[in-house]
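In what follows, a structure is listed as structure tokens, so that the remarks can point back to it.
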Amino acid sequence: MRGLLPLVFSALASAAAIAEPRQAAAPPVTVVSASSLGGNGCPTGKFSYTLSIDKTVGTLIFDVYRGYVGPTAPPDSRELFCDFAVVFRFPLGCTAGTITAIPGGYIQLGDGINGTFSSQYTISPGTLGPNPANLVFTSAQWGGGGGDYTEVQAISVKENIRNENERNVTFTARSRLFLTAPGPDVTGQFGVDHLDISISQPTVC
């Protein structure tokens with residue numbers, strides 16, 4: 001009986017390995033560059049970016065991507081648009097992971113005002129999962145003196161890179177922010193001042 005126990009435990013361990021295969025980690029995906037593709041939220045000269053030391057995280061910086069409502073707010077400042085592109089560099093082979101986009105900024109909403117950030121993402125080449133739901137902010141959360149916020153959007157991605165010429169992949173965003181108010185006398189503001197973007201937990205697929 002004693003000699004049989006190691007065989008039993010070995011068989012159980014093998015069965016567990018078969019039932020729950022572990023995905024191998026892939027080399028990191030780096031950010032090559034980012035650029036504005038136009039919009040009144042990121043006009044020429046009002047968009048920039050920085051990269052982390054290891055180039056795995058890009059921080060996009062928006063100087064004027066901020067909406068306003070209220071009696072003194074310009075009528076065209078209620079809704080802003082910004083299209084932008086980020087170039088990622090993938091390793092050779094098949095890589096799956098999660099694109100993590102983290103918009104942040106300042107928000108202050110008077111009674112009854114809502115702020116919304118919507119985004120439609122595409123990638124070329126490659127495959128993305130469903131686009132994230134709109135980010136909706138309410139005056140119940142962000143009334144009074146307002147404050148800084150960050151939110152996380154996660155989009156699955158899969159790339160099959162066959163040669164060196166395909167390693168640079170372009171991720172494109174069509175984004176919009178807008179404010180809705182119950183009347184012309186209520187004031188509020190909502191901006192996307194920065195957005196961190198990276199590909200987390202890349203695995204070999």
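Checking each residue of the stretch 86-98 against the condition of being touching an Asp or Glu at 6+ places or on another chain (Cβ under 6 Å) and either within 17 Å of GLN201 (Cβ to Cβ) or of a type in the set (Asp, Glu) (or both) gives at least one match.
Listed by first and then second residue, the pairs linking a residue in the stretch 179-196 that is in contact (Cβ under 8 Å) with a residue 40 or more places away in the chain to a residue that is basic (Lys, Arg) and assigned to a loop (DSSP other than H, G, I, E, B), with Cβ atoms under 6 Å apart and 6 or more places separating them unless they lie on different chains, are LEU179/ARG78.
Within the stretch 34-75, the set of residues being in contact with a Leu (Cβ under 6 Å, 6 or more places away or on another chain), open to solvent by 50 Å² or more (accessible area, probe 1.4 Å) and assigned to a strand (DSSP E or B) comprises TYR49 only.
Pairing residues of the stretch 123-146 that are open to solvent by 60 Å² or more (accessible area, probe 1.4 Å) with residues that are among the β-branched types (Val, Ile, Thr), at Cβ distances under 6 Å and at least 6 apart in sequence or on separate chains, gives SER124/THR170; ASN134/THR116; VAL136/THR116. Of the residues making up the stretch 18-33, those that are part of a loop (DSSP other than H, G, I, E, B), modelled with pLDDT under 90 and open to solvent by 80 Å² or more (accessible area, probe 1.4 Å) number 4.
Residue count for the stretch 156-169, restricted to those that are among the β-branched types (Val, Ile, Thr) and either more than 14 Å from the chain's Cα centre (by Cα) or open to solvent by 50 Å² or more (accessible area, probe 1.4 Å) (or both): 2. Does CYS94 fit the bill of being closer than 13 Å to GLY191 by Cβ, modelled with pLDDT of 95 or more, assigned to a strand (DSSP E or B) and in contact with a Cys (Cβ under 6 Å, 6 or more places away or on another chain)? It is false that CYS94 is closer than 13 Å to GLY191 by Cβ, modelled with pLDDT of 95 or more, assigned to a strand (DSSP E or B) and in contact with a Cys (Cβ under 6 Å, 6 or more places away or on another chain).
If you go through the stretch 170-195 and keep only what is open to solvent by less than 50 Å² (accessible area, probe 1.4 Å), within 17 Å of GLY41 (Cβ to Cβ) and either modelled with pLDDT under 95 or not polar (S, T, N, Q) (or both), you end up with ALA173, LEU177, PHE178, LEU179, GLY188, PHE190, GLY191, VAL192, ASP193, LEU195.
The values are calculated or read from the model by the stated rules, or taken from the named source; none is laboratory data. The structure presented is a predicted model; accordingly, all values stated were derived computationally and were not measured. In this analysis, Cβ positions are derived from the backbone assuming ideal geometry, glycine residues included, and neighbour counts consider all displayed protein chains. Note: accessible area is taken over every heavy atom of the protein model, side chains too, but ligands, DNA and RNA are not part of it. Shrake-Rupley method; radii C 1.70, N 1.55, O 1.52, S 1.80 Å.
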